[in-house]
1. Given the structure, is E82 surrounded by fewer than 13 Cβ atoms within 10 Å (Cβ to Cβ), over 16 Å from W23 (Cβ atoms) and at pLDDT 85 or above?
2. How many residues are of a type in the set (D, E, K, R), surrounded by 13 or more Cβ atoms within 10 Å (Cβ to Cβ) and under 17 Å from R99 (Cα atoms) if we restrict to the range 21-64?
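The values are calculated or read from the model by the stated rules, or taken from the named source; none is laboratory data. Model, not experiment: these values are computed from the prediction. In this analysis, Cβ positions are derived from the backbone assuming ideal geometry, glycine residues included, and neighbour counts consider all displayed protein chains.
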Amino acid sequence: MVARLDESGIAQRLDELELFIAWKDLAWIVAYKKDCFTVDDIRLVFSDGKSQIELSESAQSIPEANVVLAANVSLAVPDWYERLMVSPAFEATPTIVYRPQAAIGVETRESTS
């Protein structure tokens, strides 16, 4: 699924419905790898607490999306993409990429190298 990321937020069209999450309303972003039998597909899931938008590496350039992300939100793990790329094959390796500073009690992979 292709999404549009710009300075205001992220949007994705699903048939007649367009979902939009403004950066200011973002609750979290999680990255993970989906096992597609012969390859892993890196995914990003964005949520405002009510809706979710998912990006797939197979449909869109994740590194290009990451440039927009880094310019608009403070990433908890700036090198999340590289970390997922070198993590064990076919393991989901969920990684919290963004969470508001006020979020408490959520574990991240920030300290793992």
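1. Here the answer is yes, as E82 does meet what is asked.
2. Total meeting the criteria: 4.
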